[in-house]
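Q: Below is the structure I would like to discuss, written out as structure tokens.
The values are calculated or read from the model by the stated rules, or taken from the named source; none is laboratory data. Everything numeric in this text was worked out from a predicted model, so none of it was measured. Here Cβ is always computed from backbone atoms with ideal geometry, including for glycine, and neighbour counts include all displayed protein chains. Accessible surface is based on the protein model in full, side chains and every heavy atom, while ligands, DNA and RNA are left aside. Shrake-Rupley method; radii C 1.70, N 1.55, O 1.52, S 1.80 Å.
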Amino acid sequence: MTETAGTGALPVEGVPAARVLDEIRALRAGDRPTHGGRLFAYVYDPGVAGLDELAQAAYAESAHVNGLDPTAFPSLLAMENALVGAAARLLGGGPGTSAPDVVGSVTSGGTESLILAVKAARDARPDLAEPRIVVPVSGHAAFAKAAHYLRVALDPVPVDPVTLRPAVADVAAAIRPETVLVVASAPSYAHGVIDPVAEIAAVAAAAGMRCHVDACFGGWTLPWLRRLGAPVPPFDFAVPGVTSISVDLHKYAYAPKGVSVLLHRDPGLRATQFFAYADWPGYTMVNPVIASTRSGGPIAAAYATLRHFGEDGYLRLAAVTRDAVAGLADAVRAVDGLRLLAEPESTVVCFTADDPALDLFVLVDELTARGWHTQPQLAYAGLPASVHLTVTAAVAPRVAEFGPALAEAAAAARAAGPVVLPPELLALAGSLTPEALTPDLIAGLAAGLGLGGGAAPDRMAAVNTLLQAAPVRLRERLLVEFVGLLQRPTW
Ligand SMILES: Cc1ncc(COP(=O)(O)O)c(C=O)c1O
């Protein structure tokens, strides 16, 4: 690297293309592996040769196309409509079904789909000063984000500690006259269990409320698993009372990041999702989704991916994934002290530790040290800490290796013993209020935990233990502060 090139994003003199790519590849070397079936969160990998090349080529074709105006770029409109049609058909809508008028939009991801589902429901009730949504605590955090962004009150419904599902009576009891939306997950991200959608939709309908099924995670696997014979309960538009469904194509449709579909049972339900504006001197604007300018790249890549796999391709991938889930669940059952938190019903394996000598957060670090990247989940509202595995088709060839690695990591975690934080630190975490956090306190905590310096530490058990000791609001504040320490400009 020459003096003038430096490492910043804006060197004095431009850097040749090949070298820029080398630099990016060098940066990427420090990332978790997106391929290879050893990363059980964040990425969805079918493990199919040639798919990346196809998706990248399709992406490149449409990267500069702007979704701002569908009349200027009919190619994008055609691909979006095709994606919505495919998702609707897979999820019980379209011609010849009980939801023949289903419509939808392509969004940038699950969070945007959920925010828009809440917005559409909120704006359909302009008469309400304080609209509310009813969401089981196992519902994705994006509903809380939507509530926060849109100033809608959130009424959480507890889940049973054994079934990890909300009781329908509790959902019904949480519905108030100001409720605009009732939510069910198919399945929940954390545990991979499917809520009683038919019953929840029925109580919502009886109260005259909309019901959104968050199938962001499972909408592109449950239909195939059902075709393969799995006992998947009704969760889609076949269920009366389900008014909208979200499904992320950048999850189990294996499209590159940036594509989700939000479906509504009919155009009337969707109308309040849109935003139009003509009260300014610029172009008349109509946005079905949150972004205005948006790249056609992700949409073209998703379209190419779906067409390339087809139904038979997704069925094959689902069968492979189902078998991988079974193999991973067996691996968990074989380790003393570990217990499946839920019997797998979809593509999640979630386990906890019953033995206090086996610290789950240390286990996660030991797995990481062995090249297996899992996702720790903190204890919450009577639910124990757990480890989440998102299982994709690429995991299948790794299943036989995972069992011994898990056993070895568990033995190492037992040998290392549970994390012991200084008692004064734990006491502080348990008693501090977010308001009492000063910059000095945060800096001291971060330094003590090895945070800061632009990167997360290799071992996260101490951080997770501290977060777990904190009440929820303090957890949130600490996360904001810690990530704020990471997000600092480089010059
Ligand atoms: C059930 C569910 N809903 C919503 C989301 C949010 O999706 P995204 O991360 O694409 O915004 C996720 C992500 O994992 C999810 O699993």
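Q: Determine the sum of side-chain charges near L441: Lys and Arg each +1, Asp and Glu each -1, restricted to other residues whose C-beta is under 12 angstrom from that of L441.
A: My count for the surroundings of L441 gives -2.
Q: Starting from the Cα of T71, step 7 Å along the direction of its Cβ; do the same at R307; then give the gap between the two resulting points in nm.
A: Each label point is offset 7 Å from its Cα along the Cβ direction, giving 2.6 nm.
Q: Let me ask you something else. Using Cα centres only, tell me the gap between the stretch 233-271 and the stretch 348-405 in whole Å.
A: One Cα centre to the other: 29 Å.
Q: I've got another one for you. Compute the label zone of A415 within the stretch 361-401: residues whose backbone N is under 19 Å from the point 7 Å along Cα-to-Cβ.
A: 361-372
Q: Within the accessible area of the chain, what % is carbon and sulfur when the probe is 1.4 Å and the other protein chains stay in place?
A: 60 percent
Q: Shifting gears a bit: Which percent, to the nearest 5, of DSSP beta bridges fully inside the chain are antiparallel?
A: Taking every DSSP beta bridge with both residues in the chain, the antiparallel ones total about 60 percent.
Q: What number comes out for accessible area per residue over the stretch 381-461 if the probe is 1.4 Å? Units Å², please. Mind showing how you got there, number by number?
A: Values: 3850 Å² over 81 residues.
Ligands and nucleic acids excluded, the result is 48 Å² per residue.
Q: Over the Cα atoms of the chain, Rg to Rh with Kirkwood Rh, two decimal places?
A: Rg/Rh for the chain comes to 0.97.
Q: Turning to a different aspect of this structure: Taking R0 as 30 Å, what's the FRET efficiency between A369 and T490 from their Cβ-Cβ distance, rounded to 0.05?
A: The calculated FRET efficiency here is 0.60.
Q: On average, how much accessible surface per residue is there in the stretch 63-118, in Å², for a 1.4 Å probe, leaving out ligands, DNA and RNA? Present the calculation step by step, with values, prior to reporting the outcome.
A: On the way: 2230 Å² over 56 residues.
That works out to 40 Å² for each residue.
Q: Over the stretch 223-282, with the other protein chains present, what is the accessible area per residue in square angstrom, probe 1.4 angstrom?
A: Each residue of the stretch 223-282 exposes 40 Å² on average to a 1.4 Å probe.
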